[in-house]
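Below: one structure, written as structure tokens.
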Amino acid sequence: MSQSNSNRRKFLKNASLLSGAYLLSGLQNKVRSETVMPVQPQPIIANRIKFAVINIDHPHIYGMTDAIKRGGGELVALFTTQADQAAAFLKTYPEAKMAKSENEILEDPAIQLVLSSGIPDERAPLGIRVMEHGKDYLTDKPGIITLDQLAAVKKMQHKTKRIYSIMYSERFENKATEKASKLVKEGAIGQVIQTVNLAPHRINNGVGKTGLAVRPDWFWDKKRFGGILTDIGSHQFDQYLHFTGSTEAQVLMSQTGNVHHPDKPLFEDFGDVMLSGNGGTGYIRVDWFTPDGLDTWGDGRLTILGTDGFIEVRKNTDIASGLKGGNHLYMANKKEMVHIDCNNEILPFGPMLVDDVLNRTETAMSQKHCFLATELALKAQKNAKTLSLKK
């Protein structure tokens, strides 16, 4: 080894040690860290409403069911044609009775709310039937996969005045994102200018109850799942509208592609979008490229830029800090830099939706917001340019 190379390596080593020492001596004293302690929730009165589940084609149904039960919902019935899915669900929720048909649930006047995680292209038609029978509906995302379906759903919802809700779980079921909502509402970072959502996912996902280790045939067919922006992206359009407060928005650019799965020609593994609305701008990137070495199904991140600061939510993991698990929130504003462990935050969506079923209100999510998030996703998907990478 030459003397010059040896000196260069020594310099880089010393520089690295010095910079590390600088960070430890300076930033450690400036960054405040805290764990959000839960506010004691109001006691939930058990069995406030009766609800049922129709069709299980994705394990998101478990989180949806738990949310409604936290709100005081009583699970009374299940219908699905898949025996293995029914057995697993009933093992977790033995209180549910197996119905003989979909109509048995739809025609039961005691059931007020129906949940579903059926195949995506079947969710909107089921929701229309649910509303026709005078019941409210909570579906897994994507809750609607075409603009024609959206028009039909909006028509029936307007006619019946029933609730058509979509479980945008990357906001409703993520505790750090819920904490970010509170901070933004309190004005902690001033007026929101932009949101940036990065939402990578893992295809072979056996993580917890929400993952599918082996994907079914419909997963690979865009006609059935709606396309990557309609599917994964539905979460991100919801968050963009929510955090910017936009009630009107347009898609400035969108592109989708299948860059790494040539054996699945009807699949899409990458998409991104630029948005502009009356409350702020947004950028969204979604993909199916989570590597096997990551400790979760996806390193989901949300950055919220405000006039007086910014927030970054690390939803599921944080490989940079070494902190375990998810629900990490980082904020810098005019007063401080802070890391907040949000794992004790309370998730309000389920109780609020049960309140809405009982009181005919829109506290969990307005119907307009629900439909606008979906409409933006559908338009972005429909008008997306095809991404083609030259190798």
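The values are calculated or read from the model by the stated rules, or taken from the named source; none is laboratory data. A quick note: this is a predicted structure, and the numbers were derived from the prediction, not measured. Cβ atoms come from the backbone with ideal geometry, glycine included; neighbour counts cover every protein chain shown. Only protein heavy atoms, including side chains, enter the accessible area calculation; ligands, DNA and RNA are left aside. Shrake-Rupley method; radii C 1.70, N 1.55, O 1.52, S 1.80 Å.
Residues whose amide H falls under 5 Å from that of H201, counting only those 5 or more places apart or on a different chain, are D287, W288, F289, T290, with hydrogens built in the peptide plane. All other residues whose Cβ lies under 10 angstrom from that of V130 are scored, Lys and Arg at +1 and Asp and Glu at -1, for a net of 0. Specify whether the C-alpha gyration tensor of the stretch 114-260 places it in the rounded, prolate or oblate class, a ≥ b ≥ c being the square roots of the eigenvalues: rounded for a/c under 1.5, otherwise prolate if a/b is larger than b/c and oblate if not. Verdict is oblate for the stretch 114-260. Averaged over its residues, the stretch 247-296 has an accessible area of 49 Å² per residue, based on protein heavy atoms and a 1.4 Å probe.
Taking the charge dipole of the stretch 141-201 about its Cα centre, with +1 at Lys and Arg Cβ atoms and -1 at Asp and Glu Cβ atoms, the residue from I193, H158, S169 reaching farthest to the positive side is H158. The Cα-based radius of gyration of the chain, divided by its Kirkwood radius, gives an Rg/Rh of 1.01.
Which entries of K100/K222; K154/K382; K161/K185; K69/K182; K141/K161 have Cα-Cα distances beyond 25 Å here? Going by Cα-Cα distance, K100/K222; K161/K185 fall outside the 25 Å limit. So what's the gap between the Cα centers of the stretch 156-199 and the stretch 275-299, to the nearest angstrom? For the stretch 156-199 versus the stretch 275-299, the Cα centre distance is 15 Å. DSSP finds beta bridges in the chain, and of those with both partners inside it, around 55 percent are antiparallel. A cut-off of 5 Å between modelled amide H atoms, ignoring neighbours fewer than 5 places along the same chain, links M253 with M274.
Comparing D66, D308, D263 in a Gaussian network model of the chain where C-alpha atoms under 10 Å apart are linked, the largest mean-square fluctuation is found at D263. Within the stretch 66-145, the percentage of alpha carbon pairs spaced more than 21 angstrom apart rounds to 26%.
For the listed residue pairs K91/K179; K97/K155; K264/K390, the alpha carbons are over 21 angstrom apart in K91/K179; K97/K155. Counting only protein heavy atoms and using a 1.4 Å probe, the accessible area of D292 comes to about 140 Å². Across the stretch 70-84, rounded Karplus estimates of 3J(HN,Hα) from the backbone phi angles (6.51 cos²θ - 1.76 cosθ + 1.60, θ = phi - 60°) give 4, x, x, x, 9, 6, 10, 7, 9, 9, 7, 8, 9, 4, 5 Hz, Gly and Pro being marked x.
Here the chain is assigned +1 on the Cβ of each Lys and Arg and -1 on the Cβ of each Asp and Glu. Its dipole about the Cα centre then comes out at about 1020 debye. Surface composition of the chain: carbon plus sulfur atoms hold 54% of the accessible area, using a 1.4 angstrom probe and ignoring ligands, DNA and RNA. Rounded to the nearest 20, the size of the Cβ-charge dipole of the stretch 320-391 about its Cα centre is 720 debye, with Lys and Arg at +1 and Asp and Glu at -1. Averaging 1/r over each pair of different alpha-carbon atoms in the stretch 39-96 and inverting the result gives 12.1 Å, the Kirkwood hydrodynamic radius. Along the axis of the charge dipole computed for the chain (Cβ charges of +1 for Lys and Arg, -1 for Asp and Glu, origin at the Cα centre), the listed residues Y62, Q82, I232 are led at the positive end by I232. Averaged over its residues, the stretch 93-188 has an accessible area of 41 Å² per residue, based on protein heavy atoms and a 1.4 Å probe.
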